[in-house]
Structure formats: C-alpha cells, structure tokens
Amino acid sequence: MVKIGINPKETKGTISRYLYGQFAEHLGRCIYEGIWVGPDSPIPNTEGYRNDVLEALKKLQIPVLRWPGGCFADEYHWMDGIGPKSQRARMINNHWGGVEENNHFGTHEFLRLCELLETEPYINGNVGSGTVREMQQWVEYMTFDGESPMASLRKENGRGEPWRLPFFGVGNENWGCGGNMRPEYYADLYRQYSSYVRNYGDNRVYKIACGPNTDDYRWTEVLMREAHHLMDGLSLHYYTLPTGNWQGSKGSSTEFGVDEWFATMKNTLYMEELIVKHSAIMDKYDPEGKVGLIVDEWGGWYDVEPGTNPGFLYQQNTLRDALIAGVNLNIFHKYSKRVKMANIAQVVNVLQAMVLTEGDKMLLTPTYHVFDMFKVHQDAELLDVEFESPMYKHGSQMIPQLSVSASVDRKGAIHISLCNLHHAVSASVTCELNGVAGREVSGTMLTHSALNAHNTFRRPDELAPVPFTGAKLEDDWLHAELPPASVVVLTLK
Ligand code: AHR
C-alpha cells in the first residue's frame, strides 16, 4: 500500500500550459503528407491542411508549436518559402533523407496552421548557415506593423496584418547539426543574433538560446555566464533511448522485452536528474529564475519502422510510449518553476508522434491519449504531493515504481495523474486528501495486457483510454488500484 499525501491548500505555482507544447519539423512525413497535403489533394483538407489531423490536434489544445526544426532550422532560408508556390526555390533536405523540399509550406502556411489550431507559434531561426540580416528580416516580416520593406513584402504576399510571434529560437543544436560550435563561440553568436530579434509594435518575443545536449553541463555554464541577461529561455534536448546509446541499433519500437521496458523507464526518469542539475547551474547566474529551461525536444527514439526511409524517423508508438509521456509530463510539472516550456518530438509521423498517417488514414497513438488525458493540468495550480514510491526492481537495478502529480484547476477540480511503471506488479494507492471530503471521483485509464500494445491502421483503437473504476473515496481518503504498466488520471469534483 502506497500512501500519498496531497495538500489542496498548498499550491506550488502554475503548471504552464506550454509544458504541453509540440514540435513540427520538415522531416520525413511530418509536414508534407502528415499536416499539409495541398488544397488539390483528394485527402479531405481545409486550405491544404488535412482535416483529420487538424481535428485531432485541435482537441489536444496544443498551446505552442515549434517549427521548422530541429536540424532543418539551421539550413532553412525563410525567403525560399514565401510568395507564389510555383516560384519558390527548391532545396535538398540534407539532414533528413536527402529528399527535395519544395518550400510549399513556409511562413504563411505555418502561421495559418497555428491560427487553425489556436496555438502559439514558436519559430526557430537559422544561426548555423543564416545571416544576422536574414534573422532580423524574418522577425520584421512577421511582426512589423506599418511601413517597412519587409512589411510591404508580407502585404504583397497576401497578409496585411502582422502576426503575433511570441517565441523565437536563436539556432538549434548549435553544438551539433547547427554548426558544431563550442559554447564560447555560440554564446557570442547568440549575443549578436539575438540583438536583432526585435520587438516591433507591441509584439514581445521570448528569445530562446540553444541550450545543452543531455548532460553537457559546461554548455549551460558558459551560456548562462556569458548571455543569461539577453535570453528568456535556454533549451534542453534529451531523448529516451532504450539502449541509452546513439551508436548502433536503438531497438525496435514494438518488438521489445521486459529488459528493454525497464531500461526505457530508467532512461526516461533520467530527465529529472538533468533538469535538477541544469537548473542548479541556472540558479547560480539567475537566482530569480527569470530564464526558463525549455525542453524543446524530448521523447522516445527507436529504430525506424522496417522498410521505411531511415532518414524519416517514422516509428510506432506503444504502451511504453504512453508511460514515457506520463512520466515526463509529471516531471515537468514538478519543476515548473524553472521549466517553462516543453515540446515533444514530434507531432505527426516522426519519433514519438501524436498521430500517424498512411494515405488518407490517420490513427491516434497512445502518446496522444496521454496528452489528452493530462491536458486538465494545463495552467492549473500544482499541488504539493508527498509520497515515497515503492521500488521497481529488475535484476540488480531499481527505480521508483510510481510517478504522481496533482493540480487544482480554476474551477476547483483536483486532478491526479499516476503512472505505474512496473511491467507486472499493480500498485495499491491511498491518497490522503487533507480536507476535500464530500467530492466525487472519476477517472480515465490507459493500459493493456501487452506491453507493446499499439494502434495500427487496421486496429486503430487497440489501445484507447477507458473509464477507471478502481478508485473509491472514503471520507478524506482516496483508494485506487493501479494495474501494471498503466497511466491513470483521476478527477475530484
Ligand atoms: O527531432 C529530430 C532531431 O533531433 C532534430 O532535428 C534535432 O534537433 C535533434 O537532434
């Protein structure tokens, strides 16, 4: 029996909705086919965006969408993607499969997508191969109201009003695909480039500097030391690989055993240590917590589906990914004082996606369902949760078996998200609610008897949330029996 103390009178700050952000890169079938099919496509669409995907993503209440990369961002020249489509420059997508990019999806198409999804844009600029002038002009093009060369060009291309641009990234992975830079060099470039990312009119840009890869604490140290006063956010990228190793096979997304299940859980929990250690460095230079840690790439990364282009990063998504999603979202809540945004990679058809498409078919992944179940936490107040997790032992190793987070929303409803990481052992949980007696409890659960359960185009609902009936309220106590390998969200009203 696990005792969890939840104190509804003690809130610990707001869980920013931006922790539920998404990422869409020009990579494989994410943008083309996955989101954009063009207005002439036989696939039902609105202005060229596929209707099924729009509808599914709208339901998720995506707060922010990052684009155009990723590694693609530092090869992207935005002027190639504006004006009449037939005249747009073509390029090779060198990072991702070496395929042709026709630039039919550019700035206007992305910002229109954000309008349709009612989400906020986070655009990632090009430092690796772009100029300061190019970056300055892009921001002017999107946000300048009044007469200016870039505002006139925007108007010529059919958009009179400026857009609101709340988030802008100054380069991506500049320690790797974005230029293989040293932190000292990038810190200087950040200072230079970011100076020209201007606030026009009443648009205020939240500037995000390229942050560390995983445990590169020196990168964080140098960036914070040299430039923290010029940035609003510093990114962190960490992917969960079952092997924990970028060399060789990363393992199959669907064919895995208990060893890989356990290793994946262990590796995904490592996110907490990374946040704690990078935050400690940030605290040194920014004790008031003005600079947000922006986890703008995270999620599970496996070998691509057999027979698909290795450069397209197309993978399936199982119950294991549902646990990855739940565990990481709970971690982000816990550190929401410093972690101000997170963007899972990626939204459609790439890595740990929300939806997968094949021709005119679309399916919702287990990760989609977790984001849907957890969305009640967006902008809710984080509650203090006290508990000691039982341990999940496997061979000589052990990790916590449970991940728990709780919040109270604006209407006073309490939401508790629980993940049982153990592949075979259920968990009896008792929550002491400290004064919320007299409420009703309801819940939703995602689980399956097969650890590798997943949705296919033939069986799109193999893994879908069901009502959770295993919770009982007795006075000030809430009892719940969590099956092995499950994600549960309870609501007390
Ligand atoms: O999300 C896929 C890739 O992973 C991104 O392009 C890059 O930033 C990261 O290495």
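The values are calculated or read from the model by the stated rules, or taken from the named source; none is laboratory data. Just so we're clear, the structure is a prediction, and the values are computed from it rather than from any experiment. Here Cβ is always computed from backbone atoms with ideal geometry, including for glycine, and neighbour counts include all displayed protein chains.
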* Structure fact -> The residue that is nearest to Asp40 (Cα to Cα), considering only those in the stretch 71-103 that are part of a loop (DSSP other than H, G, I, E, B) and either within 25 Å of the chain's Cα centre (by Cα) or hydroxyl-bearing (Ser, Thr, Tyr) (or both), is Asn103
* Check the stretch 289-299 and report whether any residue there is within 16 Å of the ligand (Cβ to nearest atom), in contact (Cβ under 8 Å) with a residue 12 or more places away in the chain and over 15 Å from Met271 (Cβ atoms). => no
* To do: Residue by residue through the stretch 453-469, note down the ones that are surrounded by 18 or more Cβ atoms within 10 Å (Cβ to Cβ) and either over 27 Å from the mean Cα position of the chain (by Cα) or assigned to a loop (DSSP other than H, G, I, E, B) (or both).
  => Ala453, Asn455, Leu463, Pro465, Phe468
* **Which listed residue, of Ile275, Ile344, Ile331, Ile324, is of a type outside the set (Asp, Glu) and within 13 Å of the ligand (Cβ to nearest atom)** => Ile344
* To do: Kindly indicate whether Asn7 is closer than 30 Å to Leu478 by Cβ and of a type outside the set (Gly, Ala, Ser).
  => yes
* Does Tyr190 satisfy being away from the ligand (no atom under 16 Å from the Cβ), crowded, with 20+ Cβ neighbours inside 10 Å and either in contact (Cβ under 8 Å) with a residue 60 or more places away in the chain or within 27 Å of Asn328 (Cβ to Cβ) (or both)? -> yes
* To do: Only one of these is of a type outside the set (Asp, Glu), over 24 Å from the mean Cα position of the chain (by Cα) and surrounded by 20 or more Cβ atoms within 10 Å (Cβ to Cβ): Pro212, Pro183. Name it.
  => Pro183
* Asked: How many residues are out of contact with any Lys or Arg (no Cβ under 7 Å at 6 or more places or on another chain) and either in a loop (DSSP other than H, G, I, E, B) or aromatic (Phe, Trp, Tyr) (or both) when one looks only at the stretch 438-451?
  -> 5
* Applying the selection to the stretch 289-311, what residues are of a type outside the set (Ser, Thr, Tyr) and over 23 Å from Val170 (Cα atoms)? -> Gly300, Trp301, Asp303, Val304, Glu305, Pro306, Gly307, Asn309, Pro310, Gly311
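Go through the stretch 85-128 and count every residue that is of a type in the set (Gly, Ala, Ser) and under 19 Å from Gly311 (Cβ atoms). Before you say what the answer is, go through the steps one by one.
To start, the set of residues in the stretch 85-128 that are of a type in the set (Gly, Ala, Ser) comprises 86, 89, 97-98, 106, 125, 128.
Subsequent filtering for residues that are under 19 Å from Gly311 (Cβ atoms) retains 97-98, 128.
So the count comes out to 3.
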* Asked: Hey, among the residues in the stretch 434-457 that are of a type in the set (A, V, I, L, M, F, W, C) and in contact with a Phe, Trp or Tyr (Cβ under 7 Å, 6 or more places away or on another chain), which one's farthest from Ile6 (Cα to Cα)?
  -> Leu451
* Filter result for Asp379 (under 27 Å from Gly435 (Cβ atoms) and part of a loop (DSSP other than H, G, I, E, B)) -> yes
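Is it fair to say Met373 is assigned to a helix (DSSP H, G or I) and surrounded by 22 or more Cβ atoms within 10 Å (Cβ to Cβ)?
Here the answer is yes, as Met373 does meet what is asked.
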* For the stretch 121-140, state whether one or more residues are under 25 Å from the mean Cα position of the chain (by Cα), in a strand (DSSP E or B) and over 22 Å from Cys71 (Cβ atoms). => no
* Search the stretch 88-104 for residues that are within 16 Å of the ligand (Cβ to nearest atom) and pair each with any residue that is outside any strand (DSSP E or B) and aromatic (Phe, Trp, Tyr) when their beta-carbon atoms are under 7 Å apart and the residues are at least 6 apart or on different chains. => Asn93/Phe72; His95/Phe72; Trp96/Phe72; Trp96/Phe312; Gly97/Phe312
* Within the stretch 1-47, restricting attention to residues that are modelled with pLDDT of 95 or more and among the acidic types (Asp, Glu), which residue is farthest from the ligand (Cβ to nearest atom)? -> Asp40
* Asked: Since Phe262 meets every condition but one in (1) within 30 Å of Pro483 (Cα to Cα); (2) within 16 Å of the ligand (Cβ to nearest atom), which condition does it not meet?
  -> (2)
* Asked: Taking the stretch 141-185 as the search range and keeping residues that are part of a helix (DSSP H, G or I) and touching a Lys or Arg at 6+ places or on another chain (Cβ under 7 Å), which one is farthest from the ligand (Cβ to nearest atom)?
  -> Tyr141
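Residue by residue, here is whether (1) farther than 25 Å from Leu189 by Cβ; (2) acidic (Asp, Glu) holds:
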residue	(1), (2)
Trp96	no, no
Glu115	yes, yes
Thr119	yes, no
Ile123	no, no
Glu140	no, yes
